[in-house]
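Colleague: A single structure is presented below for examination.
The values are calculated or read from the model by the stated rules, or taken from the named source; none is laboratory data. This is a predicted model, so every value here is computed, not measured. We place every Cβ from the backbone using ideal geometry, glycine too, and count neighbours over all the protein chains shown.
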There are 2 protein chains.
Amino acid sequence: MSLMAAVQGVSTPVTSTRSPASLGHGAGLRPASPSSLFLRARRAAKPSPPAGDRRGVCHCVASPPTEQTGHKTKVSRNANMGKLQAGYLFPEIARRRSAHMLKYPDAHVISLGIGDTTEPIPEVITSAMAVKAQELSTFEGYSGYGAEQGDKKLRAGIASTYYKDLGIEESDIFVSDGAKCDISRLQLLFGANVKMAVQDPSYPAYVDSSVIMGQTGLYQKDIEKFGNIEYMRCTAENGFFPDLTKVSKTDIIFFCSPNNPTGSTASRDQLTKLVQFARENGSIIVYDSAYSMYISDDSPRSIFEIPGAKEVAIETSSFSKFAGFTGVRLGWTVVPKELVFSDGFPVAKDFNRIVCTCFNGASNIAQAGGLACLSPEGLKAMDDVVTFYKENTEIIVETFTSLGFNVYGGKNAPYVWVHFPGRSSWDVFAEILEKTHLVTTPGSGFGPGGEGFIRVSAFGHRGNVLEACKRLKQLYQ
Amino acid sequence: MSLMAAVQGVSTPVTSTRSPASLGHGAGLRPASPSSLFLRARRAAKPSPPAGDRRGVCHCVASPPTEQTGHKTKVSRNANMGKLQAGYLFPEIARRRSAHMLKYPDAHVISLGIGDTTEPIPEVITSAMAVKAQELSTFEGYSGYGAEQGDKKLRAGIASTYYKDLGIEESDIFVSDGAKCDISRLQLLFGANVKMAVQDPSYPAYVDSSVIMGQTGLYQKDIEKFGNIEYMRCTAENGFFPDLTKVSKTDIIFFCSPNNPTGSTASRDQLTKLVQFARENGSIIVYDSAYSMYISDDSPRSIFEIPGAKEVAIETSSFSKFAGFTGVRLGWTVVPKELVFSDGFPVAKDFNRIVCTCFNGASNIAQAGGLACLSPEGLKAMDDVVTFYKENTEIIVETFTSLGFNVYGGKNAPYVWVHFPGRSSWDVFAEILEKTHLVTTPGSGFGPGGEGFIRVSAFGHRGNVLEACKRLKQLYQ
């Protein structure tokens with residue numbers, strides 16, 4: 001069975017009865033290991049096996065169970081969930097990494113895969129969080145529910161630090177537990193009856209959340225796309241910026257710059273064209289600037305640097321890749337008061353209602369950390385960490401370049417996008433993992449436009465990055 | 001204008017153009033104050049006012065704007081958002097409280113309103129969070145993304161602490177940033193094509209998230225209900241447990257016990273009937289046990305104490321009201337592996353996919369706090385805090401009882417449900433606020449079945465609760 005077949009869930013025999021280990025990674029795409037066979041046998045011996053054993057892959061369209069002796073509810077499965085393909089990309093990679101570690105228990109596996117930060121959070125920031133945590137045990141320092149939109153001081157600090165002179169105010173900022181969560185809340189805001197466009201390749205949460213909300217048609221296996229989504233092809237040929245003359249009008253345009261996964265960054269001129277395109281079509285741009293602090297040239301760090309953007313764009317961002325807050329969870333979304341629906345109703349008012357109904361604010365401890373990030377010492381410390389990762393990026397770019405690969409991104413982003421022409425991304429992923437014990441990310445996991453590429457993340461300890469590059473040189477020299 | 005009219009947004013002149021202050025509370029239901037008039041005038045003087053000024057209430061069905069000179073997108077507002085009524089209840093109460101404090105700047109306003117915890121978090125718990133925060137600045141202690149489903153140890157700890165001998169395993173537990181957030185993720189899981197039932201009165205997030213997901217019809221002003229929701233009336237006459245012979249079959253049944261707002265707790269016998277009802281109808285119960293630690297008699301603390309519940313129920317709970325984590329944000333949802341859709345597909349697999357796509361795990365610092373909560377010292381400390389709030393409850397119950405009111409709840413819950421027969425809840429709310437500077441919660445904010453009641457929360461410092469009761473005695477004696 002090819003790796004692509006495994007990823008798409010074609011006829012891999014697995015137990016669909018969830019075991020603790022499989023749920024831990026969510027995908028359930030593993031071959032029947034001795035322990036899962038044991039579990040299966042043990043469950044089968046019970047009088048009422050929970051959901052029965054059956055073949056098929058948990059996240060694809062459900063095939064009828066071959067065995068079901070327990071009580072079944074009469075609630076139909078949400079058809080949108082059935083449209084999703086295989087597992088969410090990153091849990092699937094984590095699962096394969098775990099399987100590899102079981103196979104090679106003594107290997108020193110290095111992950112340049114899921115884009116997870118590795119360097120400690122600067123002490124000026126963690127101290128602020130520790131102080132806040134400790135204060136919660138005092139009468140003076142205790143606080144309960146905060147504002148759903150976030151602490152006023154933090155909202156003001158984000159506005160003045162990242163949107164100074166751009167006309168974005170404290171009240172336009174919604175503090176959140178991260179950009180991924182906000183993307184899903186934005187989809188709730190838009191509802192099922194919109195059509196969206198995404199860069200192809202792009203961060204999978206845009207497409208998957210759109211599928212879950214019911215905005216899309218079925219997955220079309222032949223072209224590897226969902227119906228009713230506009231895929232804006234980003235290739236080396238067009239400098240990873242879509243040819244907007246070929247893009248149809250949609251309601252929503254998800255756009256990420258610096259881009260995950262390609263690492264490319266849209267120029268001021270390109271973003272001006274994008275804003276103009278949105279204005280002409282009456283679209284709303286959801287601009288993901290989670291990597292903007294990695295920009296070292298004069299590319300815009302915010303869509304709101306482009307005149308007219310406030311009337312057509314939302315921006316979502318995060319402390320994750322700036323401050324190493326991937327586990328702490330803190331981000332924000334900007335919904336300018338100037339942005340209105342076709343009937344003139346302010347988008348921010350509806351987003352505010354979503355935030356008040358479906359969310360209860362980011363953790364007060366994380367928010368204290370966010371405030372410390374925005375202090376002069378915090379900003380300097382974050383900048384040092386970003387600089388460190390950018391040095392990693394240079395090492396990785398240099399390695400692949402010296403090996404003769406065409407390499408993209410990496411300049412203004414922590415991601416390096418390496419071309420393996422004519423090869424399957426998952427095959428290359430598997431080859432690198434098997435032969436060098438390095439975890440990367442297969443480009444096709446980000447959409448059909450990523451096929452033939454591998455994303456290499458620069459998040460890693462220096463020693464690991466150097467070691468990884470040494471192994472890559474041995475493999476490909 | 002009556003208070004009810006104000007709440008329902010009938011013809012109150014307000015600016016719908018968002019000002020910083022109005023967004024802070026989300027409702028936009030305030031009368032035109034001098035400052036908002038100033039803002040309006042200032043904006044009107046600009047060449048391109050953002051969304052134009054118009055009359056109407058921001059969260060009701062949008063009336064066409066009377067003025068719009070800026071760019072308008074062509075994206076239609078999500079019709080489901082337009083169905084929502086006025087503001088989400090608790091931000092609206094916070095707004096009224098603020099208005100009262102402006103009117104009476106010297107008054108000592110005491111809140112027995114939004115159910116927000118007031119007592120410090122036990123030191124054994126905050127210390128663990130402070131240590132975790134500090135560790136994040138070290139190479140050994142740093143961690144990035146955690147599992148979306150939560151830390152393994154915490155999942156195991158929740159399973160063994162709260163579901164011992166109930167057949168719930170670590171893998172059935174999904175750690176979250178709180179029950180309110182999980183309710184919204186559960187609605188995403190179910191999708192638009194289900195019908196739900198709620199207790200009437202009930203916590204507003206169930207109905208509002210159902211409206212947002214598109215499960216409901218329009219709001220019917222005459223009966224104060226949304227179409228396509230089954231309201232299960234809970235009254236003093238039926239002991240606040242619905243007469244199930246009068247409840248139609250629905251896909252989903254939201255059920256909260258100990259109940260918010262009535263403070264009543266379903267007995268083992270009643271929950272057995274509920275589970276039987278769900279099994280017969282093929283329904284899924286979403287059981288909200290966020291107040292279960294307040295139970296002091298032998299009422300079940302979990303729906304899974306009822307035989308057969310694992311095949312028909314999900315349970316959502318939270319550290320908020322146990323450990324004072326309202327601002328720290330930590331909760332969990334149990335989706336048993338035995339629960340399957342009509343086609344046999346496990347509900348947990350789809351919920352896992354939702355959690356992996358729309359969420360990125362609870363804050364690692366909050367999770368460290370959760371682990372400390374489950375230590376023997378943590379459990380004892382939480383118990384002490386709960387006991388303290390329960391003493392408050394007794395004081396409040398005694399006060400209203402001595403004044404001749406019919407009082408419900410309060411025994412196994414931090415909420416006291418006081419009857420003011422024949423009166424409007426919002427009128428009573430306003431009377432108490434105006435005359436005693438006490439913030440309560442109007443019962444009708446929880447559904448039409450709450451009309452004529454006031455919810456009094458027992459979360460407060462002892463001195464404030466005693467002072468509040470003194471003022472209530474002066475008002476109603």
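Colleague: Just give me the residues in the range A:451-477 being among the polar types (S, T, N, Q), under 22 Å from A:K321 (Cα atoms) and not in a helix (DSSP H, G or I), in sequence order.
Modeller: A:S457 - this is the single residue of the range A:451-477 that is among the polar types (S, T, N, Q), under 22 Å from A:K321 (Cα atoms) and not in a helix (DSSP H, G or I).
Colleague: For the range B:362-393, which positions are more than 8 Å from chain A (Cβ to nearest Cβ), among the β-branched types (V, I, T) and either touching a residue at least 12 places away in the same chain (Cβ under 8 Å) or surrounded by 19 or more Cβ atoms within 10 Å (Cβ to Cβ) (or both)?
Modeller: B:V385, B:V386, B:T393
Colleague: Right, here's the next one. Of the conditions (1) within 14 Å of chain A (Cβ to nearest Cβ); (2) not in a strand (DSSP E or B); (3) not basic (K, R), B:A197 satisfies every one except a single condition; which number is it?
Modeller: B:A197 satisfies every listed condition except (2).
Colleague: Report the residue count in the range A:143-156 for those that are buried (at least 21 other Cβ atoms within 10 Å of the Cβ) and either among the hydroxyl-bearing types (S, T, Y) or part of a helix (DSSP H, G or I) (or both).
Modeller: 2
Colleague: Okay, moving on. Against the condition at pLDDT 95 or above and touching a Pro at 6+ places or on another chain (Cβ under 8 Å), how does A:N392 come out, does it pass?
Modeller: Yes, satisfied.
Colleague: Moving to a separate point now. So if I check each of B:T333, B:T316, B:T326, which one is in contact (Cβ under 8 Å) with a residue 60 or more places away in the chain, β-branched (V, I, T) and within 8 Å of chain A (Cβ to nearest Cβ)?
Modeller: Only one candidate qualifies: B:T326.
Colleague: Considering A:S184, A:S210, A:S137, A:S160, which residue is more than 27 Å from the chain's Cα centre (by Cα) and free of Cβ contacts under 8 Å to residues at least 40 places away in the same chain?
Modeller: The match here is A:S137.
Colleague: Those residues that are touching a residue at least 24 places away in the same chain (Cβ under 8 Å) and surrounded by fewer than 18 Cβ atoms within 10 Å (Cβ to Cβ), I need them from the range B:101-119; list them, please.
Modeller: Hits for the range B:101-119 are B:Y104, B:A107, B:H108, B:V109.
Colleague: Considering each residue of the range A:339-361, count those that are over 21 Å from B:Y203 (Cα atoms) and either among the polar types (S, T, N, Q) or touching a residue at least 60 places away in the same chain (Cβ under 8 Å) (or both), and give that number.
Modeller: Looking only at that region, the number is 3.
Colleague: Take B:S202 and tell me if it is among the polar types (S, T, N, Q) and over 20 Å from B:K225 (Cβ atoms).
Modeller: When the stated conditions are applied, B:S202 does not pass them.
Colleague: Here are B:A107, B:A99, B:A128, B:A86: which of them is of a type in the set (A, V, I, L, M), within 30 Å of B:Q187 (Cβ to Cβ) and more than 8 Å from chain A (Cβ to nearest Cβ)?
Modeller: B:A86
Colleague: When the range A:136-161 is examined, which residues are found to be closer than 12 Å to A:G370 by Cβ and of a type outside the set (G, A, S)?
Modeller: Listed by number, the residues that qualify are A:D151, A:K153, A:L154, A:R155, A:I158, A:T161.
Colleague: If we scan the range A:265-288, do we find a residue that is modelled with pLDDT of 95 or more, within 13 Å of the chain's Cα centre (by Cα) and under 18 Å from A:R455 (Cβ atoms)?
Modeller: Yes.
Colleague: Tell me which residues, restricted to the range A:97-130, are among the hydrophobic types (A, V, I, L, M, F, W, C), out of contact with any Gly (no Cβ under 7 Å at 6 or more places or on another chain) and part of a loop (DSSP other than H, G, I, E, B).
Modeller: Answer for the range A:97-130, where residues must be among the hydrophobic types (A, V, I, L, M, F, W, C), out of contact with any Gly (no Cβ under 7 Å at 6 or more places or on another chain) and part of a loop (DSSP other than H, G, I, E, B): A:A107, A:V109, A:I114.
Colleague: Among residues belonging to the range A:192-202 that are in contact (Cβ under 8 Å) with a residue 24 or more places away in the chain and over 15 Å from the mean Cα position of the chain (by Cα), point out the one that is farthest from B:D208 (Cα to Cα).
Modeller: Step by step, filter the range A:192-202, then rank; the result is A:A197.
Colleague: Quick check, is A:S302 more than 15 Å from A:T333 (Cα to Cα), of a type in the set (S, T, N, Q) and in the same structural domain as A:D200 (by TED's automatic domain parsing)?
Modeller: The answer is no for A:S302.
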